[in-house]
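Below is one structure; the comments refer to it alone.
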Amino acid sequence: MSVPMVQEIKLRRRSRVLEVSFADGTRYQLPFEYLRVHSPSAEVQGHGPGEGVLVVGKEQVDIRAVEPIGHYAVRLVFDDGHDTGLYTWSYLHELASQHERKWSEYQQRRARAAHESHGGPAKPPAKD
């Protein structure tokens, strides 16, 4: 299955989302925090399976710039200095179409990490 091309990307600073429109007519709003913690960079994903790191504390992260990379990707420049990793059209589509599942898994990982670091029961993550 081929991934549709990105038609338009809008940076919505007030609502803190990146709006991505694909050629098939789908339109998604991806929160800045979600994009930051799911960065495709090696710093976040690691260099191989199972090497990814849990990124936390990015609730207020902002995107300073969206830089086009050819006709296949963008580089997002975050205000915390992170600017590595290319968000290809395929990866943006994956993040968008699987947002609910990926966000839920992230919140579960974050809760487990908090539980392990504090040695007690973790509170369940808040619902959006």
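The values are calculated or read from the model by the stated rules, or taken from the named source; none is laboratory data. Only a predicted model underlies this, so the values are computations on that prediction, with no experimental measurement involved. Don't worry about glycine lacking a Cβ; one is built from the backbone with ideal geometry, like all the others, and counts go over all protein chains shown.
For region 41-55, a residue qualifies if it is among the aliphatic types (A, V, I, L, M) and more than 20 Å from Leu18 (Cβ to Cβ), and the qualifying residues are Ala42, Val53, Leu54.
Conditions tested, residue by residue: (1) free of Cβ contacts under 8 Å to residues at least 60 places away in the same chain; (2) charged (D, E, K, R); (3) in contact with a Pro (Cβ under 6 Å, 6 or more places away or on another chain).
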site: Glu8; (1), (2), (3): yes, yes, no
site: Gly48; (1), (2), (3): yes, no, no
site: Gly52; (1), (2), (3): yes, no, no
site: His93; (1), (2), (3): no, no, no
site: Gln98; (1), (2), (3): yes, no, no
site: Arg101; (1), (2), (3): yes, yes, no
site: Ala113; (1), (2), (3): yes, no, no
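Scanning region 58-76 for residues that are within 27 Å of Met5 (Cα to Cα) and either of a type in the set (Asp, Glu) or part of a helix (DSSP H, G or I) (or both) yields Asp62, Glu67. Selection of region 73-112 for residues being of a type in the set (A, V, I, L, M, F, W, C) and either over 15 Å from Glu43 (Cβ atoms) or crowded, with 17+ Cβ neighbours inside 10 Å (or both) yields Ala73, Val74, Leu76, Phe78, Trp89, Leu92, Leu95, Ala96, Trp103, Ala111. Consider Tyr91 carefully, then state whether it is outside any helix (DSSP H, G or I), within 11 Å of Leu35 (Cα to Cα), at pLDDT 95 or above and among the aromatic types (Phe, Trp, Tyr). So Tyr91 does not fit the description; no. Among the conditions (1) in a helix (DSSP H, G or I); (2) buried (at least 17 other Cβ atoms within 10 Å of the Cβ); (3) at pLDDT below 95, the only one that Val55 does not satisfy is (1).
If you filter region 20-43 down to residues that are among the aromatic types (Phe, Trp, Tyr) and under 11 Å from the mean Cα position of the chain (by Cα), you find that the one that is farthest from Val61 (Cα to Cα) is Tyr34.
Taking region 19-54 as the region of interest, how many residues are touching a Gly at 6+ places or on another chain (Cβ under 8 Å) and of a type outside the set (D, E, K, R)?
Result for region 19-54: 9.
On inspection, Ala96 passes the criterion of being modelled with pLDDT of 95 or more and small (Gly, Ala, Ser).
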